[in-house]
Amino acid sequence: LKMSWFWLYLPLHLLMATCLCYSIKASTTSSQQSFKTDLFNFYHSLILADGKETTIHLLKDIPKRYYFVLEESRVLAPFSITVTPCDVPIEWSILMYKSPPGKAAPGGHDTQEVSKSQKASSVVSTIFNYKGNSVETYMGMSSHSALYLLEFLSTERDTHITVYLTTDTTSGHLYPELPTDPRIDVLGVGHTTVTLTWKHSPSVLQHGDSVQYCLLVNEKHNYKSLCAAETAIRSSGMKLPPTLALSLSPYLLEPQQVMILSNSELSIINKVSSGEVRQVCMGTKNTYTVPNLSPSTQYYFDVFIVNLLTNASAAYTGTFARTLEEPEPKVTELKDGKVIHVVLDGRKQKFYSLQYQARHKKIHFTFQLCRGQIQVHITRNGKTVASENLSGLRYFSLKGKPLDTYLVQLRSTEESNSSVKVQASPHFHKPLFPLLPESLKIKSFSKLRTCRSVTIAWLGTQEESKYCVYRKRIEEDQIWRELQSADRCSGPESRHKSEKVLCKYFYDLNLQRAVTTETIKGLEAGTLYLFDVYLFGPSGIPVRYHSKVVKTRKKC
């Protein structure tokens, strides 16, 4: 069966005259009006290509028409039309125009007497119509010279669809095939995972190298086509890569998207207002465990079999599952005066809980931020008494009643790991950390720099304490890493012995004069150095000043 291209070169009025010649003979007003409507429809129609997927944009309440022609054939000739709505439900129908049973005789008289009603019914017939947002395929057979008109209408809003017409049923399919049972089965559900499986597509067995499965996960609803899913994500305010980007084009990612490549599987996570939308392509595996989900959340899962050569896809029947409720968080007990070092996983963004049973009215909480950024939330008997983001060393002095229960919750506010040291004790307990100066900054004096030495200064306190100075030679490209990754809780024991410069004791009852300077000699010209000062209190636990980077003069 082939397209009759001869028809396409005829002027439309001759085409209509040929296809609908017997309508002209109708003498009634209604027949004349019907012919004018048909003529208008064809004048405002486009040709639908054979063997090619066509994207059609529809304006609200404005119908759009396409036509195609099938040649006369002695045998029944098959053809198929597949329509994929990419957003809202649409209405579409197929109308068939074909020649009447009799042929015109010389002199303009019919060789057979046919009633006007029979003529009218033979002019046009609606052979298919549909309303909805599902992917629909019409399979037809034609044995007459016929002209077909497809009409599409969107009554909700502007949208777009794809249409695929083929008259060649022997050379394969544009769309991958679905199995007889296209359902997705849920094998298991956990707190943060869901395991899915589905039956293999026949296309995987025939064309394994050119097809693959792609999974879409979202918290809103199932999608009946990949086209509809992409449209929904775009409407959330995001630009989405083409379908093929699910597996081949990470460079097309937008800032709101995160790409994760693991074990030959590519995930694209879109951050949208209604939650995350994940796309995962896993080759030809038909079982997959979706990781890193939120507990007690309902997710919708759609699997698409994608033809990598044509970019066409077919959708399995979507499913949904609700993850299990998160178990009660494990609570660690805080004991008087004991220091707990907590490491928080920034990727999971979960709270780490510490509980403290008060024995006195006044309670003193101490937090020393070691790395990253951390949010702390403290409740007493279920009521919030303190909540803030930590920076450096922080004390909370709280007053309540004996036997009050305090719950301390900690969470990393960065995607990287964070860590903190925590202590709870009665207010009169010996302090964990030394008395701190007003500022933990180290100052350097530019005018006192030489090729072989630098001079630094730092503030002290009214309490006699021990201060140790360390230096480390670094390169330009190491500055950011050294300053960002430094563990502010680590003491001199983590430093190499060669980095130690000196240790000294000092204090001053007058805080205005509680400052000390030190000139570090024996340095190399034009070289960067990282300087650290550690303050030791009565407990022996050090507090690290903010690191300072200084470069010696190149020429003196």
Filtered residues of the stretch 301-324 (kept if in contact with a Lys or Arg (Cβ under 9 Å, 6 or more places away or on another chain) and hydrophobic (A, V, I, L, M, F, W, C)): ALA315
If you check SER494, SER465, SER539, which single one turns out to be closer than 19 Å to GLY392 by Cβ, under 44 Å from the mean Cα position of the chain (by Cα) and not basic (Lys, Arg)? SER494
At pLDDT below 90, open to solvent by 60 Å² or more (accessible area, probe 1.4 Å) and within 30 Å of CYS281 (Cα to Cα): does that describe ARG371? no
Looking only at strands (runs of 3 or more DSSP E) that fall completely inside the stretch 286-358, which ones have 3 or more residues that are open to solvent by 10 Å² or more (accessible area, probe 1.4 Å) and under 24 Å from THR384 (Cβ atoms)? 331-333, 352-357
Condition check for LYS362: loosely packed, with under 15 Cβ neighbours inside 10 Å, without any contact (Cβ under 8 Å) to a residue 60 or more places away in the chain and outside the structural domain of GLU482 (by the TED database): no
When the stretch 497-554 is examined, which residues are found to be closer than 27 Å to ILE479 by Cβ and in a helix (DSSP H, G or I)? LYS497, SER498, GLU499
How many residues, within the stretch 179-193, are out of contact with any Pro (no Cβ under 8 Å at 6 or more places or on another chain) and closer than 28 Å to ASN311 by Cβ? 6
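Yes or no, residue by residue, for (1) among the β-branched types (Val, Ile, Thr); (2) in a strand (DSSP E or B); (3) crowded, with 17+ Cβ neighbours inside 10 Å:
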| site | (1), (2), (3) |
| --- | --- |
| ALA386 | no, yes, no |
| SER391 | no, no, no |
| ARG394 | no, yes, yes |
| LEU398 | no, yes, yes |
| PRO402 | no, no, no |
| TYR406 | no, yes, yes |
| GLN409 | no, yes, yes |
| GLU415 | no, no, no |
| SER425 | no, yes, yes |
When residues of the stretch 212-232 are filtered for being aliphatic (A, V, I, L, M) and modelled with pLDDT of 90 or more, how many remain? 3
Tally up the residues in the stretch 489-522 that are touching a residue at least 60 places away in the same chain (Cβ under 8 Å), within 18 Å of VAL543 (Cβ to Cβ) and open to solvent by 70 Å² or more (accessible area, probe 1.4 Å), please. 1
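The values are calculated or read from the model by the stated rules, or taken from the named source; none is laboratory data. Since the structure is predicted, the reported quantities are computational estimates derived from the model, not experimental observations. All Cβ positions, even for glycine, are placed from backbone atoms using ideal geometry, and neighbour counts span all protein chains on display. Surface areas here come from the heavy atoms of the whole protein model, side chains and all, with no ligands, DNA or RNA. Shrake-Rupley method; radii C 1.70, N 1.55, O 1.52, S 1.80 Å.
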